1. Inside the stretch 103-199, counting only strands (runs of 3 or more DSSP E) that do not spill past its ends, which hold 1 or more residues that are without any contact (Cβ under 8 Å) to a residue 40 or more places away in the chain and either in contact with a helix residue (DSSP H, G or I) (Cβ under 6 Å, 6 or more places away or on another chain) or crowded, with 19+ Cβ neighbours inside 10 Å (or both)?
2. When the residues of the stretch 54-74 are narrowed to those that are of a type in the set (Val, Ile, Thr) and open to solvent by less than 30 Å² (accessible area, probe 1.4 Å), which ends up farthest from the chain's Cα centre (by Cα)?
3. With modelled with pLDDT under 95 and not small (Gly, Ala, Ser) as the only criterion, which of 62, 96 stands out?
4. Would you check which residues across the stretch 139-184 are closer than 27 Å to residue 23 by Cβ and polar (S, T, N, Q) and list them?
5. Contact list please: Cβ distance under 7 Å, first residue in the stretch 55-70 and more than 14 Å from residue 176 (Cα to Cα), second residue loosely packed, with under 14 Cβ neighbours inside 10 Å and at pLDDT 85 or above, pairs at least six apart or on different chains.
6. Is there any pair linking a residue in the stretch 32-52 that is under 22 Å from residue 165 (Cα atoms) and among the β-branched types (Val, Ile, Thr) to one that is modelled with pLDDT of 95 or more and open to solvent by less than 40 Å² (accessible area, probe 1.4 Å), with Cβ under 8 Å and at least six apart or on different chains, and which?
7. Evaluate the stretch 7-14: report whether one residue or more is at pLDDT below 95 and either on the phi > 0 side of the Ramachandran plot or among the aromatic types (Phe, Trp, Tyr) (or both).
8. Of all residues in the stretch 32-53, count the ones that are assigned to a loop (DSSP other than H, G, I, E, B) and buried (at least 16 other Cβ atoms within 10 Å of the Cβ).
Amino acid sequence: MYQSKLPWLEIQDLDLPYRDMLAEAQRLRHRFVQHRQGCGQGWLSLCIHGTSAEHTDAPSAYGLADHEVVYDWTDIQNLCPVTVDVFKNKFFYTKYLRIRYMLVEPGGYITPHTDGNHFCLGAVNMSLNNPSGCRLVTEQGTVPFKDSGTAVLFNTSYQHAVWNDSHTDRIHMIVHGSPNPEFWQKKVTDSFTKLHDIQ
C-alpha cells in the first residue's frame, strides 16, 4: 500500500449491496451540494460521515485545522440505513473520517488534478454505478470501475480526471479512515495476488 506506487488496486471479493446503496444515494439526490468550485462542472457531493452532510471538502477548506475537527455520522444517516450498516458492520474500519457520496452529472467533468504527493494507496473509491461513457482516467490508465459496483484503493498522487459522457448521474463513494489491519492486510494481499494471477 505504501511502497508499490500502484495507481490503484481493485479489492477482490468485497461483497457489498451496491444496488441498494445506489438506490439510497439516488433518493438523497436533492441534498447533494457542489464540490470544489472551479475544479470541474457538475461535480457534487454529500457526506454521511464527516463534520456535516454539506461540508464535503477537507477541513482546511473551511478554515479548520485537523485537530479541531470532530467527525461523526451526519443528519442523513437515517435516510441511508443500508449504507450506514455497511460501514458500521461490514467494512471493518476502526475509525472513519469522511465518507462521501461523489456524483458527476451527465456531461459533467472533473479537471485533471492530484491530491498530495505520497504516491501510496489511500482512500477507497467505490462505484455504486459507473455508466457507459463515464471514465476516471489517470496518467497510469483508466480505472476499471464496474457499473454494478467496484471498490478500489486509489492513489490520488497521480494526475487524474473524470468525465461523464452519459445520460446518467455517476455516483461513487470515497471512504477515508483507518482500516482494521486484521481484515484489510489479508484483503489487500489477496487482491494484489489475484491481480498478478490475472495478468
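The values are calculated or read from the model by the stated rules, or taken from the named source; none is laboratory data. Quick caveat, the model's predicted, so the values are computed rather than measured. FYI the Cβ positions are ideal-geometry reconstructions off the backbone, even for glycines, and counts take in every protein chain you see. The protein model used for the area step is the full one, side chains on, heavy atoms only, and it has no ligands, DNA or RNA in it. Shrake-Rupley method; radii C 1.70, N 1.55, O 1.52, S 1.80 Å.
1. In the stretch 103-199, 134-138 are the strands (runs of 3 or more DSSP E) which contain 1 or more residues that are without any contact (Cβ under 8 Å) to a residue 40 or more places away in the chain and either in contact with a helix residue (DSSP H, G or I) (Cβ under 6 Å, 6 or more places away or on another chain) or crowded, with 19+ Cβ neighbours inside 10 Å (or both).
2. Checked the stretch 54-74; the qualifying residue farthest from the chain's Cα centre (by Cα) is 69.
3. Checking each option against the conditions leaves just 62.
4. Across the stretch 139-184, the qualifying residues are 142, 148, 150, 164, 166, 168.
5. Taking only residues 6 or more apart or on different chains, the pairs are 55/62.
6. Partner pairs satisfying both residue conditions: 33/44; 33/45; 33/46; 33/56.
7. Yes, there is a match, as at least one residue in the stretch 7-14 is at pLDDT below 95 and either on the phi > 0 side of the Ramachandran plot or among the aromatic types (Phe, Trp, Tyr) (or both).
8. 4
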